[in-house]
Structures are given as C-alpha cells and as structure tokens.
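K.L.:
The structure's right below; bear with me while I get my questions together.
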Amino acid sequence: MTTGLTTQQDRTRQNGQTPFGILAVAAHELKAPLSAVQVYLELMKTRAAGDDIAAYDHILGRSLIRLETMRQLILDIIELARIEAGRRPDFKRVDVAMLAAKVISDFGDIARADDIHIELKTSGHAYINASIPEIEIILNNLVSNAIKYNKSSGKVTVSVRTMNGSVIIEVTDTGIGIAAEDMDQIFTEFSRIKNDKTVAIEGTGLGLAIVRKITQVYNGSITVRSEPGNGSTFTVVLCC
C-alpha cells in the first residue's frame, strides 16, 4: 500500500502539483465564490434591497452563477483525481464525429443566447477505441471555451477528421485570442488568463489541464494557435 501511494504521489508531483498542493489551491479557489454567496444570502436575509423584487432576482442570479462555478470546480477535481489515479472507464468503438454533433447540439441554446454560430465540419465517421465520457470531456471543454471567449455574433467551427490512423479534432473560434506569453500556462492546473477581457468570465482553470491529461492517455497531444483579437484554434490528436 505504501508503494502504491508513493507511486501516485510521484506521478502527481511529476505533473506539477502535489496532492496537498492541489487541495490547497482548490480550497483557495472555492473561498471567493463561497464568500460571495454568503454575502448575497445575508443581503436577502436582511432585506437590504427593501421591496425591490428585481434586485433580489439579480442577487439570486449571481448566487446561482457562483454555485455553478463551485459545482464545476468540484467535478473537475474529481475528474482530475480519477485520471491521476489511473482509473479508466470502459472502452468501446466511438464515432467522434457523432459525439461532436451531439455536443454542438447540447451547446445550441447557450451559443444562440450570445448570437454565436457553431458549425461542424467532418468528412464522415471518425472511429476510435475510447471512453465516451472522456471524448465528451474533451469536446465539452473546447466548445465551451470557444463560446465563452468569443465575441458577440462570433463563430465556432468544430472539425473532426482521421489522418494516418489518428482522429484529429480542431475547434476554431473568432474570439479574443491568447497572447504568446500566456500560451504555456493555459494547460496548467488552476491557471486562468486574467485581463480586462476575461475578468468577468467564470471558470475553474482546470478544463484544459484535464483535456491535456486525457489526450496523453491516448498517446495524443493538444496544441493551440492563437493571436490576440483574432481567435484561437485548438487541435487535439488522438491515436486510434
């Protein structure tokens, strides 16, 4: 048992975080939304807005956003722990193109609310022996980010194809882009780019780190091409 624990600790350290370090950062990340929800609830309890129903609706809305941030952070930490522990779900023959179509459909309402058009490009089926939940995590994170960091009336293009025995997923957006000096940190756990364009965007800082770890399990890779103001393209290669 000691050997297994040591091996897991070593593997986690090699990935840049000790187990205690991850928990410490997670606790820190949870403090802000928890404090915000506490303040919002105290405002409602003391009827700080008087009889202004619209004000209370706004407070409830902000509370729900903060709670969703905490929920997603906890789910991301669980997923990260599962990958680090080497626990793998069942594999089956998966059509990544069909999964991409499903994910795009799931994000349809969110995209339309921001007047963002999502397009799927595929030459047909793209099969891989994989875990459906893991492929969905990759697609969900990339499409979600492409919407969140896009511009109003922007566009997201999801491309799925096969090449040399691998499945290649590309997600391109017309969003705010990423500066060259920020490229290295976006795949690091709990790392988020903070500037005047991203300050109001909610996120856990774990999504891309999880995507990278999943691609590594498939002996694959994730890369990004981007330019500030001109959008980004994330490319995932998964070996069949």
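K.L.:
Quick one: which residue in VAL156, VAL171, VAL103, VAL167 is assigned by TED's automatic domain parsing to the domain that holds VAL224 and closer than 23 Å to ILE78 by Cβ?
P.N.:
Selected residue: VAL103, the only one of VAL156, VAL171, VAL103, VAL167 that is assigned by TED's automatic domain parsing to the domain that holds VAL224 and closer than 23 Å to ILE78 by Cβ.
K.L.:
Does GLY108 satisfy the condition of being loosely packed, with under 14 Cβ neighbours inside 10 Å, in the same structural domain as LYS213 (by TED's automatic domain parsing), over 23 Å from ARG212 (Cα atoms) and at pLDDT 85 or above?
P.N.:
In short, yes.
K.L.:
State all residues of segment 82-121 that are part of a loop (DSSP other than H, G, I, E, B) and more than 18 Å from TYR218 (Cβ to Cβ); if no residue qualifies, say none.
P.N.:
PHE107, ASP114, ASP115, ILE116 - these are the residues of segment 82-121 that are part of a loop (DSSP other than H, G, I, E, B) and more than 18 Å from TYR218 (Cβ to Cβ).
K.L.:
Looking for something of a type in the set (Asp, Glu), in the same structural domain as SER159 (by TED's automatic domain parsing) and either more than 22 Å from PHE187 (Cα to Cα) or modelled with pLDDT under 85 (or both) - is there at least one such residue anywhere in segment 74-82?
P.N.:
Within segment 74-82, none of the residues are of a type in the set (Asp, Glu), in the same structural domain as SER159 (by TED's automatic domain parsing) and either more than 22 Å from PHE187 (Cα to Cα) or modelled with pLDDT under 85 (or both).
K.L.:
Still on this structure, please answer the following. Go through (1) surrounded by fewer than 16 Cβ atoms within 10 Å (Cβ to Cβ); (2) free of Cβ contacts under 8 Å to residues at least 60 places away in the same chain; (3) within 29 Å of GLU189 (Cβ to Cβ) for VAL143 and report which single condition fails.
P.N.:
Unmet condition: (1).
The values are calculated or read from the model by the stated rules, or taken from the named source; none is laboratory data. Note that the structure is a prediction, hence the values are computed from the model and not measured. Here the Cβ is made from the backbone with ideal geometry for all residues, glycine too, and neighbour counts use every protein chain on show.
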